[in-house]
């Protein structure tokens, strides 16, 4: 036995401080590790799945909105202009002659052909037969 | 950005490809006029050299005359060659000229173009020609004068009649398109106007036929009288001018019809009819609607 009073006495099992026991970390077994990994994986899968569903719903919604928008646009373009009835003469009961469904295309056709007929070149002066000397000799005309 | 450039390039290429024919035809005509101008200059120089030679009879003046004569002979052949080329391109680019006419006249023109090119090359390659050599080569071309005149005038008349044929066809198409509008209209006198337009087109067609007969029977077959060829072409031009007047009359009738229909649409509509037309407008093109409208007219 030592006579040194300052020497630290050996610690017996009962004398281990509670603080040290609390901080002691027990190593995990392989089974526990596998369970933990599986749990994490499941959580990750759930997150991805919910994200996919969210994107799918949003995309579908957007697509439907687009379809609706297109339909509305078509409807609007097909919608006839409202008939403007201003301060016009009182409606007549007898039918007046209709001019038929005259289109701008038809009017353009008529105008174009008329202009083409007016502008046609029936002289073709650029292609006049050349006046060449086809009797070249030493004799002069004079 | 690159894609945009690519499409622009494609568009420009297509545009140029499409207009190549027209550009070539214009270039041929311009080349002909340019060569013709060069011939006039060469001929003036030849005349000076000729009078100088006749006056002095020296070897120097003879050599000068030989050079000027060679130049004028080559240039004369060149003018005829470019003239035929211009006619050929014009024939090919004029709408209304029949394919058979293009093929027939094109083949004749090609023959002469080839012959003239050979004539030019031969004269140009002569090492030291004498005056009599050159006059001999000159006569070979001069013998074909009448053929050239007839071919040139026939081609020109065919181009002109082709133009009128095309316009006649266009007006005829417009008139047949207009008929459905006139039939669906309640304005009765429009039918008479339409018939007037049709008559004018028919008159123009008859005159065109006369012109075509003159081209095929009188002009193309006339190899004896050069003056007559010129007279026939003038005659054809007068007939085509008359035909143009008839077509213009027909076109004016069509325009009157359109004006009248436009007036009717703008001024004579009343709310009741507008409402009716609004509901029926989509159906007016439909023949069923046309039939019902014409039925109403008959009932009235």
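Report yes if some residue within the stretch B:108-125 is over 36 Å from the mean Cα position of the chain (by Cα) and either more than 18 Å from residue B:32 (Cα to Cα) or at pLDDT 95 or above (or both); otherwise report no. Looking for residues that are over 36 Å from the mean Cα position of the chain (by Cα) and either more than 18 Å from residue B:32 (Cα to Cα) or at pLDDT 95 or above (or both), one finds at least one in the stretch B:108-125, hence yes. For the stretch B:95-102, the criterion of being within 14 Å of chain A (Cβ to nearest Cβ), over 30 Å from residue B:162 (Cβ atoms) and buried (at least 17 other Cβ atoms within 10 Å of the Cβ) is met by none of the residues. Go through the stretch A:89-136 and give me each residue that's modelled with pLDDT of 85 or more, in a loop (DSSP other than H, G, I, E, B) and at the interface with chain B (Cβ under 7 Å from one of its Cβ atoms). Listed by number, the residues that qualify are A:120, A:122, A:124, A:129, A:130, A:132, A:133, A:134, A:135, A:136. Kindly indicate whether residue B:126 is closer than 20 Å to residue B:78 by Cβ and surrounded by fewer than 19 Cβ atoms within 10 Å (Cβ to Cβ). Yes, satisfied.
For the condition modelled with pLDDT under 85, outside any helix (DSSP H, G or I) and surrounded by 10 or more Cβ atoms within 10 Å (Cβ to Cβ), residue A:82 does not qualify.
Let's see how each residue does on (1) free of Cβ contacts under 8 Å to residues at least 60 places away in the same chain; (2) under 20 Å from residue B:120 (Cβ atoms); (3) surrounded by 14 or more Cβ atoms within 10 Å (Cβ to Cβ):
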{"residue": "B:26", "(1), (2), (3)": "yes, no, yes"}
{"residue": "B:36", "(1), (2), (3)": "yes, yes, yes"}
{"residue": "B:43", "(1), (2), (3)": "yes, yes, yes"}
{"residue": "B:53", "(1), (2), (3)": "yes, no, yes"}
{"residue": "B:57", "(1), (2), (3)": "yes, no, no"}
{"residue": "B:70", "(1), (2), (3)": "no, yes, yes"}
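Applying a threshold of 9 Å to beta carbon distances and a minimum spacing of six or more residues, or different chains, the list of pairs starting in the stretch B:229-241 at a residue that is without any contact (Cβ under 8 Å) to a residue 12 or more places away in the chain and ending at one that is outside any helix (DSSP H, G or I) reads B:231/B:225; B:241/A:122. Screening residue B:171 against (1) in the same structural domain as residue B:243 (by TED's automatic domain parsing); (2) within 14 Å of the chain's Cα centre (by Cα); (3) crowded, with 20+ Cβ neighbours inside 10 Å leaves a single unmet condition, (2). Checking each residue in the stretch A:4-38 for being at pLDDT 65 or above and surrounded by 10 or more Cβ atoms within 10 Å (Cβ to Cβ) picks out A:28, A:32, A:33, A:34, A:35, A:36, A:37, A:38. Residue B:167 meets the conditions (1) touching a helix residue (DSSP H, G or I) at 6+ places or on another chain (Cβ under 6 Å); (2) at pLDDT below 95 in every case but one. The failed one is (2). None of B:78, B:68 is over 26 Å from the mean Cα position of the chain (by Cα), modelled with pLDDT of 95 or more and part of a helix (DSSP H, G or I) except B:68.
The values are calculated or read from the model by the stated rules, or taken from the named source; none is laboratory data. Not measured: the values here are computed from a predicted model. Neighbour counts run over all protein chains shown; Cβ positions are idealised from the backbone, glycine included.
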